[in-house]
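Here's the structure we're looking at; comments come further down.
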Amino acid sequence: MKLPYGYVLVGEEVAIHEENANVVRSIFEYYLAGASLGKIVDMLFVKGVSSPTGKSKWTRAAVDKLLANKKYIPIVGISVYMDTQFEKDRRCNVDYGKAGHPRKSTRYQSSSIEME
């Protein structure tokens, strides 16, 4: 069983790893303060925080997945977690059609294609 970042196995009990939990809290805090996923990745790299896989740099996808993971509610609290989910929805640039299917809001057209 792979534990989420910020948790550790103590004997047979899952516990919060405080040092990594502080990183999780700062990720949520920076996101709610307006930082983009890329800025958070850069901040973690500058601070020398290794990714959950042990690499020197996090990915935007890893940060996005962390922000969406319900397992971080015990670390950040329900209020911060829910505020983050609303903020993620607010920042989403996906438009939805009448049937509720995601679609791009802008249609791009190649200049090499002649429209008649």
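The values are calculated or read from the model by the stated rules, or taken from the named source; none is laboratory data. None of the values given here were measured: they were computed from a predicted structure. So basically every Cβ, Gly included, is an ideal-geometry build from the backbone, and we count neighbours across all protein chains shown. Side chains are part of the model used for accessible areas, which takes the heavy atoms of the whole protein and leaves out ligands, DNA and RNA. Shrake-Rupley method; radii C 1.70, N 1.55, O 1.52, S 1.80 Å.
A few comments on the model shown:
- Residue that is nearest to the chain's Cα centre (by Cα) [pool: residues in the range 17-50 that are closer than 25 Å to PHE86 by Cα and not in a helix (DSSP H, G or I)]: SER36
- Pairs with Cβ under 8 Å, 6+ apart, first in the range 10-22 and closer than 21 Å to SER50 by Cβ, second open to solvent by 60 Å² or more (accessible area, probe 1.4 Å) and modelled with pLDDT of 95 or more: ILE16/PRO74
- Every listed requirement among (1) open to solvent by 60 Å² or more (accessible area, probe 1.4 Å); (2) modelled with pLDDT of 90 or more is met by ARG103 save one, (2).
Condition check ((1) free of Cβ contacts under 8 Å to residues at least 12 places away in the same chain; (2) not small (Gly, Ala, Ser)) across all residues:
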residue	(1), (2)
SER56	yes, no
VAL63	no, yes
ALA68	no, no
GLU87	no, yes
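- Qualifying positions in the range 51-83 - under 15 Å from PRO4 (Cβ atoms), open to solvent by less than 80 Å² (accessible area, probe 1.4 Å) and polar (S, T, N, Q): SER51, ASN69
- Check on LEU32, closer than 16 Å to TYR5 by Cα and surrounded by 13 or more Cβ atoms within 10 Å (Cβ to Cβ): no
- For the range 42-56, the condition holds for no residue, the condition being that it is touching an Asp or Glu at 6+ places or on another chain (Cβ under 7 Å) and within 25 Å of ARG91 (Cβ to Cβ).
- Selection within the range 44-65 - in contact with a helix residue (DSSP H, G or I) (Cβ under 6 Å, 6 or more places away or on another chain) and within 15 Å of TYR30 (Cβ to Cβ): VAL49, TRP58, ARG60, VAL63, ASP64
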